[in-house]
Amino acid sequence: MDPVLALLRDLVAIDSVNPSLVPGGAGEAAIADRVAAALGAAELDVEVSEVAPGRPNVVGVLEGRAPGRALMLCGHTDTVGVEGMAAPFDPVERAGRLYGRGAQDMKSGVAAMVDAAARLAAGGGLSSGRLVVAAVADEEHASLGADALVREHGADGAVVTEPTGLAIATGHKGFEWVEVETRGRAAHGSRPAEGRDAILYMGRVLARLESVNARLITGPAHPLLGTPSLHASTIGGGRELSVYPDRCCLRFERRTLTGEPPDVGLMEVQRALDELREEDAAFEGSARQLFSRPAHEIGDDQPVCRALVQALERRGRDATPTGMSYWTDASVLGRAGTPAVLFGPSGAGLHGAEEYVEIDSVVTCRDTLVDLARAFC
């Protein structure tokens, strides 16, 4: 068995569900141990550091024999939850695919970058420059791992090995999380004159947000990223059937493009709340931003992008830059001064009940990263 696939099977078999998403989730400690062992066996200099209790980053460094450029390979070790999956940590191969939680997102990319470093080390190392291999925690929630990484490590270019279908992505969307609360007045259900219905008030808010989304998805599109969008994520309110609800809480997500303000979703819903108050003096509602991360984009003339294009073209593969709809740690690296592209294996089932990666694409990804490191560094 190719070592990259053996490593991938080991990684998928380890529960690394993000505990910030799923209370009681296992976190990244066990998978960090496996990644650190693989990097140590390849004789890289390995550093393991906690970014939160029991949640470590792993960084391995391969120094070249002469000065040169530094390349960072970065991937996250956490996954989303496993609800609806029969055997999420049992890696099963079927028809050229490997199934399991994290197989695509993104333990395949982590296995590819770790084994690329191992191949480079076993093949005589780097003639110049340095390779930094970073396996980080918490990308699926707040990117505590990437934030900690960039405080200690930088590079002249980076590849984030998220699943791109072996395409080069030079950008991706950002996101913003917003909470909206409407307030009513509790009263017995038989006394409408005394009650105010916070849930029906929220219905008005939802109608306005639906209009905002319709405008966004039919508006001008970014050439690589498409249009911004928003969706309602969670909602809750009310006490019991015979009581007017005095509170309703909605949380929604706004997907953003480069150039949009970091609080664009908050501003959009605040305008809607202002309009609703003008229409009905009894309406009460407020909003606050919970969290946001900006979109990411670099030019395809960046050296790391050009080198990756050349590595793919030498393999006879399409190297036309594209964009991704999801958010990644490339944004964190880029804002810290490390130009970052996305490049990773093929598969399907991101965050779904059936997730898989195409096995051949993991090998191709690994081999392309080896070529890239030799050329770039």
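Quick notes on this one:
- Degrees between helix 3-12 axis and first principal axis of the chain (Cα, 0 to 90, nearest 10): 30
- Per residue accessible area of the chain, 1.4 Å probe, in Å²: 42
- Each Cα pair under 8 Å and six or more residues apart adds its sequence gap; the mean of these over the residue count of the chain is a relative contact order of 23 percent.
- Scaled radius of gyration (Cα, divided by 2.2 N^0.38 Å) that the range 129-214 gives: 1.96
- Under a 5 Å amide H cut-off, with hydrogens placed 1.01 Å from N, ARG185 pairs with ARG196, ASP197, ALA198 among residues at least 5 apart or on other chains.
- At 1.306 mPa s and 10 °C, Stokes diffusion of the range 258-377 via Kirkwood alpha-carbon radius, µm² per second: 88
- Debye intensity ratio in log₁₀ form over the Cα atoms of the range 180-249, taken at each q of 0.29 Å⁻¹: -1.17
- Taking amide H atoms as placed 1.01 Å from N in the peptide plane, the amide H of HIS222 lies under 5 Å from those of THR227, each 5 or more residues away in sequence or on another chain.
- Charged side chains reduced to their Cβ positions (Lys and Arg at +1, Asp and Glu at -1) give the chain a dipole of some 340 debye around its Cα centre.
- The range 28-38 - phi-based ³J(HN,Hα) in whole Hz, Karplus 6.51/-1.76/1.60, Gly and Pro as x: 9, 4, 5, 6, 4, 4, 5, 5, 4, 5, 5
- log10 of Debye I(q)/I(0), alpha-carbon scatterers only, for the range 211-310 at 0.17, 0.21, 0.25 Å⁻¹: -0.93, -1.18, -1.37
- Centroid-to-centroid separation of the range 278-312 and the range 162-216 [C-alpha atoms, Å]: 19
- Sequence-separation-based contact order of the range 224-338, relative, with Cα cut under 8 Å and 6+ spacing, percent: 22
- Summed side-chain charge close to ARG315 - residues other than ARG315 whose Cβ falls under 15 Å, Lys, Arg +1, Asp, Glu -1: -1
- Here the Karplus relation 6.51 cos²θ - 1.76 cosθ + 1.60, evaluated at θ = phi - 60°, turns the backbone of the range 372-377 into coupling constants of 4, 4, 5, 7, 6, 6 Hz, with x for every Gly and Pro.
- Most to least packed among 189-200, 317-328, 155-166, 364-375 [average Cβ atoms within 10 Å]: 155-166, 364-375, 317-328, 189-200
- Karplus-derived HN-Hα couplings along the range 250-262 (A = 6.51, B = -1.76, C = 1.60, θ = phi - 60°), whole Hz, x at Gly and Pro: 10, 10, 10, 10, 10, 8, 10, 10, 4, x, 7, x, x
- The residues ILE235, ILE359, sorted by heavy-atom accessible surface at 1.4 Å with ligands and nucleic acids left out, run ILE235, ILE359 from largest to smallest.
- When only alpha carbons are used to place a centre, the range 8-33 and the range 56-100 end up 11 Å from one another.
- Cα-Cα pairs of the range 48-132 separated by more than 18 Å (percent): 57
- Accessible area in the full protein assembly, largest first, 1.4 Å probe, for ARG119, ARG65: ARG65, ARG119
- Note on the range 1-64: Kirkwood radius taken over Cα pairs, Stokes-Einstein applied at 37 °C and 0.692 mPa s, translational D equal to 259 µm² s⁻¹.
- Accessible area of VAL48 (1.4 Å probe, protein heavy atoms only, ligands and nucleic acids ignored): about 80 Å².
- Of VAL150, VAL17, the residue with the largest accessible area leads and the full order is VAL150, VAL17 (1.4 Å probe).
The values are calculated or read from the model by the stated rules, or taken from the named source; none is laboratory data. All figures in this text were calculated on a predicted structure; none of them were measured in a lab. Quick reminder, even Gly has a Cβ in these numbers, built from the backbone with ideal geometry, and neighbours come from all protein chains shown. Each accessible area value is taken on the protein alone, full model and side chains, heavy atoms only, with ligands, DNA and RNA left out. Shrake-Rupley method; radii C 1.70, N 1.55, O 1.52, S 1.80 Å.
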